[in-house]
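Participant: One structure, as structure tokens, below. Some questions next.
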Amino acid sequence: MDEGWDALHRDRIAKRTKQDRGSHGYDNALPSMRAVFVASGPSFRQGLVIDGFDNVDVYPLLAHLLQVPAAPNDGNPETLKQTLR
């Protein structure tokens, strides 16, 4: 199928796990779906290049920087700690 399209039978969707049940028509594994993450400021290490990570891992980082408790979420708070001073 062309990029941006997805066709599944209702029974197949029901068998999916929570992690892969949602679908907005785009495969997040496609190179065209990649994002760029740039962070700058006194809390971040300079000149650091890191491996790719899941977008949900940004939320725990922001909660940490804002010094607010993070609501329950699927992000891993350890993933982006390497970016901090």
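The values are calculated or read from the model by the stated rules, or taken from the named source; none is laboratory data. Everything numeric in this text was worked out from a predicted model, so none of it was measured. Neighbour counts are summed over all protein chains in view; Cβ atoms, including those assigned to glycine, are modelled from backbone coordinates with ideal geometry.
Participant: Within the stretch 45-54, is there a residue that is outside the structural domain of ASP2 (by TED's automatic domain parsing), farther than 30 Å from ASP2 by Cβ and charged (D, E, K, R)? Lay out the reasoning, then the answer.
Facilitator: Our first condition is that a residue be outside the structural domain of ASP2 (by TED's automatic domain parsing); within the stretch 45-54, this holds for 45-54.
If we keep only those that are farther than 30 Å from ASP2 by Cβ too, we end up with 45-50.
Retained after the next criterion (residues that are charged (D, E, K, R)): 45.
Yes, the conditions are met somewhere in the stretch 45-54.
Participant: Taking the stretch 37-70, which residues are among the aliphatic types (A, V, I, L, M) and out of contact with any helix residue (DSSP H, G or I) (no Cβ under 8 Å at 6 or more places or on another chain)?
Facilitator: Selection gives VAL38, VAL49, VAL56, VAL58, LEU62, ALA63, LEU65, LEU66, VAL68.
Participant: Counting just the residues of the stretch 36-73 that are part of a loop (DSSP other than H, G, I, E, B) and in contact (Cβ under 8 Å) with a residue 40 or more places away in the chain, which one comes out surrounded by the fewest Cβ atoms within 10 Å (Cβ to Cβ)?
Facilitator: We begin by selecting, within the stretch 36-73, every residue part of a loop (DSSP other than H, G, I, E, B); these are 36-43, 45-54, 67-73.
With in contact (Cβ under 8 Å) with a residue 40 or more places away in the chain added as a condition, the list becomes 39, 42-43, 45.
Working: ALA39: 15, PRO42: 5, SER43: 12, ARG45: 11.
Selected residue: PRO42.
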